[in-house]
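See structure below.
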Amino acid sequence: MRSDQFGYELTISSPTAAEAWDKMVLAFLAHAAKTPEYLGAVLSQEPDFAMAHATKGLFFLMLGRRELNETAQEAHRSAVDAAQRSVPTAREAGYVRALGAWLDGRPSETVREMEAILTRWPEDALAMKISHATRFILGDGKGMRASIEALLPAYDAKNPARGYLFGCHAFSLEETGDYARAETAGRLGLSLSPDDAWGLHAVAHVFDMTANARAGLNWLEGREHAWAHCNNFRYHVWWHKALMHLDQGEIDAVFDLYDTEIRRDKTDDFRDISNGTSLLMRLELEGHDVGDRWEELAEISERRSEDACLLFADLHYLLALVGDNRDMAVKGMLARMHRDAKQTNAGELMARMANPGLSAATGLEAFGEGDYKTAFLNLGRARRSMQLAGGSHAQRDVFERLTIDAAIRGGFLDEAENILQERATQRAGRLDSYANTRLELISRSRVDWDDADRLPAE
């Protein structure tokens, strides 16, 4: 029996395995590319460590890939078998139950298992981050914040995860609209943990949500070391930088970042596809020719269109298919989503295919076909519950922009203006360049309806 860096017992005997476990936890907190390497080292040295098998399974489920569901199932079977050979601690057993709950279609129960662990062992930073990440997938911003704030007193200056906790606090504060405190927490987290890419990116979110792109660019400039070590999360930070350049009208910089960083490696992780599709759609809505860039994303998305793991992923796959005008693939994916929506006992995540999934998907299809009335009515119906799709405000904003543009093109000027006002309220009352151009267009269109057809993409 060994203890981890937080003083909690581990059902392992090897000191090198215990060291690798500690490194794995910190790497996971930092979104480091070495995370699976450390976890693999633990499992190779301690095959009867049930908590490690369960953690592996949870990591795979977070990737939102159909073919990895079986891998997660195997990890759960390995965890259960290991627990029979080497009885886990109560804390470790909670991880096995958490994995089983998600596999049963109940990720909210996974969260409850993590929170139960944190009630007794608040310094378990791995449980903290898994709860945070799972709530993020579920679109539970308030829950993220409450969870982190309950833990803050337990993380003193000696805790090696203190900086990462502040980074998670920063993100949850930003997602719940407390922008000033979010910036402070994110800066503090990065000062304590210079590789805290999550905290750094939380501050970038603040600048995005408060329409201060230039300050955001200044924040990211020179801090590339904070995300250079990351797994595919580094593409996401570059995406944020590209959004800021887009807001500033620096289009050459946007395309450069897209080609050299965001889609440099042509990965098929849904989060990477999300970065690419949402950026290309923003560019097209502003009237910029993206060339053949949709094709690569659409090829991947068509192959993944049957995944049906996460609504957030599915909507971005669909966005790529719409962007590349793959009408048959779009219809095929919509048919699959309709089938999924009818599976009433398929689990919590699948239920979101029905709401907001079907309305959002129908709206995207209609937008691609130029049927803006249908697009607006469906996207507008979906937007009130769009948070259930998961992701951040910044990530979901592409759907908000499509809703607004569909409203303007479909003649729903008052409705478009109301959504823009709601969007500004969520952003501390500030308007970004997108909002300013649309409000100007609405104003002109009320005088001369022909202007409604003069959106940049037209």
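A quick yes/no check of all residues on (1) crowded, with 23+ Cβ neighbours inside 10 Å; (2) within 20 Å of LEU431 (Cβ to Cβ); (3) touching a Leu at 6+ places or on another chain (Cβ under 8 Å); (4) of a type in the set (A, V, I, L, M):
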| position | (1), (2), (3), (4) |
| --- | --- |
| LEU200 | yes, no, yes, yes |
| VAL206 | yes, yes, no, yes |
| GLU221 | no, no, no, no |
| HIS229 | no, no, no, no |
| VAL237 | yes, no, yes, yes |
| ASP256 | no, no, no, no |
| THR260 | no, no, no, no |
| ARG264 | no, no, no, no |
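Yes/no per residue for (1) over 21 Å from GLY429 (Cβ atoms); (2) touching a helix residue (DSSP H, G or I) at 6+ places or on another chain (Cβ under 9 Å); (3) acidic (Asp, Glu):
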{"residue": "LEU138", "(1), (2), (3)": "yes, yes, no"}
{"residue": "ALA146", "(1), (2), (3)": "yes, yes, no"}
{"residue": "GLU149", "(1), (2), (3)": "yes, yes, yes"}
{"residue": "LEU152", "(1), (2), (3)": "yes, yes, no"}
{"residue": "ASP156", "(1), (2), (3)": "yes, yes, yes"}
{"residue": "PHE166", "(1), (2), (3)": "yes, yes, no"}
{"residue": "PHE171", "(1), (2), (3)": "yes, yes, no"}
{"residue": "GLU175", "(1), (2), (3)": "no, yes, yes"}
{"residue": "ALA185", "(1), (2), (3)": "yes, yes, no"}
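Taking the stated definitions as given, is GLY216 of a type outside the set (Val, Ile, Thr), under 27 Å from LEU420 (Cβ atoms) and touching a Phe, Trp or Tyr at 6+ places or on another chain (Cβ under 8 Å)? The answer is yes for GLY216.
Of all residues in segment 45-99, those satisfying the criterion of being charged (D, E, K, R) and in contact with a strand residue (DSSP E or B) (Cβ under 8 Å, 6 or more places away or on another chain) are ARG91, GLU92.
Considering segment 244-282 alone, what residues qualify as being small (Gly, Ala, Ser), within 22 Å of ASN218 (Cα to Cα) and touching a residue at least 40 places away in the same chain (Cβ under 8 Å)? GLY249 - this is the single residue of segment 244-282 that is small (Gly, Ala, Ser), within 22 Å of ASN218 (Cα to Cα) and touching a residue at least 40 places away in the same chain (Cβ under 8 Å). Taking the criterion of being without any contact (Cβ under 8 Å) to a residue 60 or more places away in the chain and either of a type in the set (Ser, Thr, Tyr) or touching a Phe, Trp or Tyr at 6+ places or on another chain (Cβ under 6 Å) (or both), the residues of segment 175-198 that qualify are THR176, THR184, ALA185, LEU188, GLY189, SER191. Assigned to a helix (DSSP H, G or I), under 24 Å from TYR164 (Cα atoms) and of a type outside the set (A, V, I, L, M, F, W, C): is that true of SER78 in this structure? Judged against the criteria, SER78 is not a match.
Being free of Cβ contacts under 8 Å to residues at least 60 places away in the same chain and touching a strand residue (DSSP E or B) at 6+ places or on another chain (Cβ under 7 Å) is the filter; apply it to segment 16-44 and report the residue that is nearest to ASP196 (Cα to Cα). Residue satisfying both the conditions and the ranking: TRP21.
The listed residues are GLU348, GLU365, and the only one of them that is farther than 28 Å from ARG106 by Cα, in contact (Cβ under 8 Å) with a residue 24 or more places away in the chain and either crowded, with 21+ Cβ neighbours inside 10 Å or charged (D, E, K, R) (or both) turns out to be GLU365. Looking across segment 325-346, the residues that are of a type outside the set (Asp, Glu), at pLDDT 95 or above, in a helix (DSSP H, G or I) and out of contact with any helix residue (DSSP H, G or I) (no Cβ under 6 Å at 6 or more places or on another chain) come down to MET328, LYS331, GLY332, ALA335, ARG336. Exactly one residue among GLY64, GLY57 is part of a loop (DSSP other than H, G, I, E, B) and either under 25 Å from the mean Cα position of the chain (by Cα) or in the same structural domain as GLY167 (by TED's automatic domain parsing) (or both), and that residue is GLY64. So which of LEU26, LEU39, LEU43 is buried (at least 19 other Cβ atoms within 10 Å of the Cβ) and out of contact with any helix residue (DSSP H, G or I) (no Cβ under 7 Å at 6 or more places or on another chain)? Answer to the check: LEU26. ALA242 meets the conditions (1) assigned to a helix (DSSP H, G or I); (2) out of contact with any helix residue (DSSP H, G or I) (no Cβ under 8 Å at 6 or more places or on another chain) in every case but one. The failed one is (2).
Considering only helices (runs of 4 or more DSSP H) fully contained in segment 347-405, which possess at least 1 residues that are closer than 20 Å to LEU283 by Cα?
Those helices (runs of 4 or more DSSP H) span 358-369, 372-383.
Among the numbered conditions (1) crowded, with 24+ Cβ neighbours inside 10 Å; (2) in contact (Cβ under 8 Å) with a residue 40 or more places away in the chain, the only one that LEU297 does not meet is (2).
Give the residue, chosen from GLU440, GLU415, GLU422, that is assigned to a helix (DSSP H, G or I), in contact with a helix residue (DSSP H, G or I) (Cβ under 6 Å, 6 or more places away or on another chain) and either without any contact (Cβ under 8 Å) to a residue 60 or more places away in the chain or not assigned by TED's automatic domain parsing to the domain that holds SER108 (or both). Step through it out loud before you land on a result.
Working: GLU440 fails: in contact with a helix residue (DSSP H, G or I) (Cβ under 6 Å, 6 or more places away or on another chain); GLU422 fails: in contact with a helix residue (DSSP H, G or I) (Cβ under 6 Å, 6 or more places away or on another chain).
From the options GLU440, GLU415, GLU422, the qualifying one is GLU415.
The values are calculated or read from the model by the stated rules, or taken from the named source; none is laboratory data. Owing to the predicted nature of the structure, the values given are computational and were not obtained by experimental measurement. Cβ atoms come from the backbone with ideal geometry, glycine included; neighbour counts cover every protein chain shown.
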